[in-house]
1. For Lys68, indicate whether it is in a strand (DSSP E or B) and surrounded by fewer than 18 Cβ atoms within 10 Å (Cβ to Cβ).
2. Determine, yes or no, whether Ser54 is small (Gly, Ala, Ser), without any contact (Cβ under 8 Å) to a residue 60 or more places away in the chain and farther than 20 Å from Val30 by Cβ.
3. Among what's in region 29-46 and is open to solvent by less than 30 Å² (accessible area, probe 1.4 Å) and over 14 Å from Glu108 (Cβ atoms), pick the residue that is nearest to the chain's Cα centre (by Cα).
4. Restricting to region 73-126, count the residues that are part of a strand (DSSP E or B) and open to solvent by 90 Å² or more (accessible area, probe 1.4 Å).
5. Filter region 78-126 for residues that are among the β-branched types (Val, Ile, Thr) and more than 30 Å from Val64 (Cβ to Cβ); which is nearest to the chain's Cα centre (by Cα)?
Amino acid sequence: CAVSVTNVPPSHSTIRPGFPVPVNTNNPEVHKAARFGVYRYNNSSNDLFLFKESQIKKAMVQIVRGLKYLLHVEIKRTVCEKRDLSSLDSCHFQREKNLQQRLRCYFEVWITPWTHKVHIPVAHCH
């Protein structure tokens, strides 16, 4: 007897538009999205030092006219001062006890690759 599988999506279809799905936190695109969130945080904070992502705790992606990343990220204060305009890649985390600071952040980073636009509607850190 034949079994009907009309409601089952094709096996290659792992992401459906509109539904956030988990994505590997080691994914290079996830790291890129997290860095955009960090830039947004650094631009809006009045801290003397730049912060940088130290760990991506959880990542999801949603297809909505591009890719919207929903990220839970831990960021830490670096030794680089904002006024130096350093590249974050070359900034090390603070080692001085009284200057160390760690924040937990939730970023929503919306990337539309064909327009090369990045929009960060949500960047909450505490």
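The values are calculated or read from the model by the stated rules, or taken from the named source; none is laboratory data. Keep in mind that what you see is a predicted model, and the values were worked out from it rather than measured. Cβ atoms come from the backbone with ideal geometry, glycine included; neighbour counts cover every protein chain shown. For the accessible areas, the whole protein counts, side chains as well, though only heavy atoms, and no ligand, DNA or RNA atoms are used. Shrake-Rupley method; radii C 1.70, N 1.55, O 1.52, S 1.80 Å.
1. Numbers: in a strand (DSSP E or B): yes; surrounded by fewer than 18 Cβ atoms within 10 Å (Cβ to Cβ): no.
No.
2. On the way: small (Gly, Ala, Ser): yes; without any contact (Cβ under 8 Å) to a residue 60 or more places away in the chain: yes; farther than 20 Å from Val30 by Cβ: no.
Taking the combined requirement at face value, the residue does not satisfy it.
3. Looking only at region 29-46, we keep the residues that are open to solvent by less than 30 Å² (accessible area, probe 1.4 Å), and these are 30, 33-34, 37-38, 42, 45.
Checking the rest, the ones that are also over 14 Å from Glu108 (Cβ atoms) come to 42, 45.
Values: Asn42: 14, Ser45: 17 Å.
Result: Asn42.
4. Taking region 73-126 first, the residues part of a strand (DSSP E or B) are 73-81, 93, 102-112, 117-125.
Those left that are additionally open to solvent by 90 Å² or more (accessible area, probe 1.4 Å): 102, 104, 117, 119, 124.
Number satisfying all stated conditions: 5.
5. Applying the first criterion (among the β-branched types (Val, Ile, Thr)) to region 78-126 yields 78-79, 109, 111-112, 115, 118, 120, 122.
Now narrow it down to the ones that are more than 30 Å from Val64 (Cβ to Cβ): 78-79.
Working: Thr78: 18, Val79: 21 Å.
Among those residues, the one meeting the criterion is Thr78.
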